[in-house]
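Peer 1: Following this message is one structure expressed as structure tokens.
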Number of protein chains: 2
Amino acid sequence: MNEFNEYFKSAFTVDNVILGFDEGDMKVLLIKRGEEPYKGKWALPGYFVYPNEDLDAAAKRVLDELTGLRNVYLEQVKTFGTVNRHPFGRVITVAYFSLIKISDYAIQASSIAQKAKWHSVARVKDLAFDHNEILDACFNRLKWLIRSRPVGFELLPPKFTLTELQHLYEAILETELDKRNFRKKILSMNLLIDLDETQEGVAHRPARLYQFDKEKYEEFLAEGFSFELKESKKKEKPSFKKASPSFP
Amino acid sequence: MNEFNEYFKSAFTVDNVILGFDEGDMKVLLIKRGEEPYKGKWALPGYFVYPNEDLDAAAKRVLDELTGLRNVYLEQVKTFGTVNRHPFGRVITVAYFSLIKISDYAIQASSIAQKAKWHSVARVKDLAFDHNEILDACFNRLKWLIRSRPVGFELLPPKFTLTELQHLYEAILETELDKRNFRKKILSMNLLIDLDETQEGVAHRPARLYQFDKEKYEEFLAEGFSFELKESKKKEKPSFKKASPSFP
DNA sequence: AACCAGTAGTGTATAGTTTACACTAATTCC
DNA sequence: GGAATTAGTGTAAACTATACACTACTGGTT
């Protein structure tokens, strides 16, 4: 393969958009860069893919080093390879996103992890490299995903209330949902276990606690089920005549 | 960046799943390999990405060299980077798919194009490298895409009948659709122009010809519309109680 | 000219889904 | 005991999806 040697001069990396949900808000874990290029800027965690390492394994390694978490939701989203995206050479990066429970996250000892901090996704700007674009692509993928699969529980603690779940959906979809319709839809999926427990120590009527039903969720995935969630139309442009929403 | 030189030893390529529709069947354009590795096997068209070339540009180049076509539907799908996917070294490939009108395709003079041939997607097997997996990923993406966006016209000649359109959908979705419901849904989208012409030289009642309305399609894309198509349930498992198809 | 073969084209009733919307219930705090 | 705060609940109307079968038009055959 000597004739092709000139093509073996590029590097590839993975960048990981690690998402969590906290304080009613979607958060992304960013690293403050300690070196050039973009020294001092915030960036997505990522690293070179080792020569004998699969792509997915590299993404898991980056996640593990930073958060200590394994077996979390991780999905490849898109590859970014503009010629000049890295000032030091041709570097192609494969973007992944992962969903973690912030309650499980504990800051790691590694020097890189010391520089990590959660940022509200909505307020992130001016990241290093083309990382704004990567973050957008991953967050949009999550928006699509949450409408078709119940991935919400990846982001919530084991026990949660329906209101918390709804707030999560609203944060991801950046919209408001109707409480009654949301509950009807969620409960009709039969993917929640009613724990027959309630919140404690809140200064109002305590909410029931639920748990995701992992077995039923496996069935759901196996059968290729999907669902749709639509936003509440309260206070929308009035009388927008919905053109028939389907085509071939 | 000398410390990172060891990472600049891999190559990356693009592979392009070029899809067309002919004789009621989805087709993919494959190349018979003339060299090792996998000499004599069929493979997806692809090539190294040049050092100063963007990924999308590389995919367009591969497509152009093979078909002479530009400005066709082209979309990045997924990146494949298993360590040993290429026997000669670490090669990561970014998979793209494109949709072309086979009627526009004319075999090109280049030596590579001489080795190209259309194959029925359903009957493809035993491709070189991991190309079966890549083809599957791209075809599945198309299946998803066709349910949510009217990309069908990318695959049909400028004038077509509703039955041709329906057959295209059935070929992609690998299912049967109800004629009346299909037509209702399609026409309700208002994306077709009735040309007030009919087929000629057919030994049966001639069908009306339609054209896609590109302007309305642009609006459709801009407004983020989507649609769903469901398969006919004729002859399905009887009385399958549709568990509520939605969740958060 | 009559008929046959073959595909095009059309409507309706039913079931299911989505939407909009407002009040009562349970708890803490004062 | 009352105020504050969030939890929890049902229904009617509009819309969408589905199942289903016959007539219309053309070319070819006799």
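Peer 1: What about B:E215, is it free of Cβ contacts under 8 Å to residues at least 60 places away in the same chain, part of a helix (DSSP H, G or I) and surrounded by fewer than 15 Cβ atoms within 10 Å (Cβ to Cβ)? I'd like the intermediate steps shown before the answer.
Peer 2: Working: free of Cβ contacts under 8 Å to residues at least 60 places away in the same chain: yes; part of a helix (DSSP H, G or I): yes; surrounded by fewer than 15 Cβ atoms within 10 Å (Cβ to Cβ): yes.
In short, yes.
Peer 1: Moving to a separate point now. Which residues, counting only those in the stretch A:54-82, are of a type in the set (V, I, T) and under 25 Å from B:R85 (Cα atoms)? Lay out the reasoning, then the answer.
Peer 2: Step one: filter the stretch A:54-82 for residues of a type in the set (V, I, T), giving A:62, A:67, A:72, A:77, A:79, A:82.
Hits for the stretch A:54-82 are A:V62, A:V77, A:T79, A:T82.
Peer 1: Within the stretch B:158-208, track down each residue that is near DNA strand C (Cβ under 8 Å from one of its atoms), touching a residue at least 24 places away in the same chain (Cβ under 8 Å) and assigned to a strand (DSSP E or B).
Peer 2: B:R208
Peer 1: Give me the residue from the stretch B:39-53 that is loosely packed, with under 15 Cβ neighbours inside 10 Å and more than 30 Å from A:N84 (Cβ to Cβ) and, out of that set, farthest from the other protein chains (Cβ to nearest Cβ). Steps first, answer last, please.
Peer 2: Filtering the stretch B:39-53 down to residues loosely packed, with under 15 Cβ neighbours inside 10 Å leaves B:39-40, B:50-52.
Narrowing the set further to residues that are more than 30 Å from A:N84 (Cβ to Cβ) leaves B:39-40.
Values: B:K39: 14, B:G40: 19 Å.
In this case the residue turns out to be B:G40.
Peer 1: Test A:F21 against the stated conditions and say whether it is facing chain B (nearest Cβ under 9 Å) and either in a strand (DSSP E or B) or surrounded by 14 or more Cβ atoms within 10 Å (Cβ to Cβ) (or both). Explain how you work it out, then say what you get.
Peer 2: On the way: facing chain B (nearest Cβ under 9 Å): no; either in a strand (DSSP E or B) or surrounded by 14 or more Cβ atoms within 10 Å (Cβ to Cβ) (or both): yes.
Against the criterion (facing chain B (nearest Cβ under 9 Å) and either in a strand (DSSP E or B) or surrounded by 14 or more Cβ atoms within 10 Å (Cβ to Cβ) (or both)), A:F21 does not qualify.
Peer 1: So, in the stretch B:134-153, of the ones that are modelled with pLDDT of 95 or more and surrounded by 20 or more Cβ atoms within 10 Å (Cβ to Cβ), which residue ends up nearest to DNA strand D (Cβ to nearest atom)?
Peer 2: Checking each candidate, the answer is B:L142.
Peer 1: Within the bounds of the stretch A:192-200, is there any residue that is within 13 Å of chain B (Cβ to nearest Cβ), surrounded by 15 or more Cβ atoms within 10 Å (Cβ to Cβ) and not small (G, A, S)? Write out each step before concluding.
Peer 2: Here is the first cut: in the stretch A:192-200, the ones within 13 Å of chain B (Cβ to nearest Cβ) are A:192.
Retained after the next criterion (residues that are surrounded by 15 or more Cβ atoms within 10 Å (Cβ to Cβ)): A:192.
Right, trim to not small (G, A, S) and you get A:192.
Yes, the stretch A:192-200 has at least one match.
Peer 1: Next question, about the same structure. Give just the number: which of (1) within 12 Å of chain A (Cβ to nearest Cβ); (2) more than 15 Å from DNA strand D (Cβ to nearest atom); (3) modelled with pLDDT of 90 or more does B:L221 not satisfy?
Peer 2: So the condition that B:L221 fails would be (3).
Peer 1: While we're here: Residue check, B:Y96 against (1) aromatic (F, W, Y); (2) under 26 Å from B:G152 (Cβ atoms); (3) in contact with a Ser or Thr (Cβ under 8 Å, 6 or more places away or on another chain), all met but one. Which one?
Peer 2: Just one mismatch for B:Y96, condition (3).
Peer 1: Say whether the condition of being out of contact with any Gly (no Cβ under 8 Å at 6 or more places or on another chain), free of Cβ contacts under 8 Å to residues at least 24 places away in the same chain and within 24 Å of B:E53 (Cα to Cα) is met by at least one residue in the stretch A:130-138.
Peer 2: Going through the stretch A:130-138, the residues out of contact with any Gly (no Cβ under 8 Å at 6 or more places or on another chain) turn out to be A:130-138.
Now drop any that are not free of Cβ contacts under 8 Å to residues at least 24 places away in the same chain, which leaves A:132, A:136.
Subsequent filtering for residues that are within 24 Å of B:E53 (Cα to Cα) retains A:132, A:136.
Yes, because at least one residue in the stretch A:130-138 is out of contact with any Gly (no Cβ under 8 Å at 6 or more places or on another chain), free of Cβ contacts under 8 Å to residues at least 24 places away in the same chain and within 24 Å of B:E53 (Cα to Cα).
Peer 1: Now a separate question. Being touching a helix residue (DSSP H, G or I) at 6+ places or on another chain (Cβ under 9 Å) and of a type in the set (A, V, I, L, M, F, W, C) is the filter; apply it to the stretch A:109-121 and report the residue that is farthest from DNA strand D (Cβ to nearest atom). Before the answer, list the steps.
Peer 2: Our first condition is that a residue be touching a helix residue (DSSP H, G or I) at 6+ places or on another chain (Cβ under 9 Å); within the stretch A:109-121, this holds for A:110, A:112-113, A:116, A:118, A:121.
Now narrow it down to the ones that are of a type in the set (A, V, I, L, M, F, W, C): A:112-113, A:116, A:118, A:121.
On the way: A:I112: 38, A:A113: 34, A:A116: 31, A:W118: 23, A:V121: 23 Å.
Going through the qualifying residues, I end up with A:I112.
Peer 1: Follow-up question, since we're still on this one. Which of (1) at pLDDT 95 or above; (2) within 16 Å of DNA strand D (Cβ to nearest atom) is the odd one out, the single condition B:K237 does not satisfy?
Peer 2: With respect to (1) at pLDDT 95 or above; (2) within 16 Å of DNA strand D (Cβ to nearest atom), B:K237 is out only on (1).
Peer 1: Another question about this same structure. Report, by residue number, each residue of the stretch B:175-209 that is of a type in the set (D, E) and in contact with a strand residue (DSSP E or B) (Cβ under 9 Å, 6 or more places away or on another chain). Break it down stepwise before answering.
Peer 2: Our first condition is that a residue be of a type in the set (D, E); within the stretch B:175-209, this holds for B:176, B:178, B:194, B:196-197, B:200.
Passing the criteria: B:D194, B:D196, B:E197.
The values are calculated or read from the model by the stated rules, or taken from the named source; none is laboratory data. The structure displayed is predicted, hence computed values, not measured ones. Cβ coordinates were reconstructed from backbone atoms using ideal geometry, including for glycine residues, and neighbour counts include every protein chain displayed.
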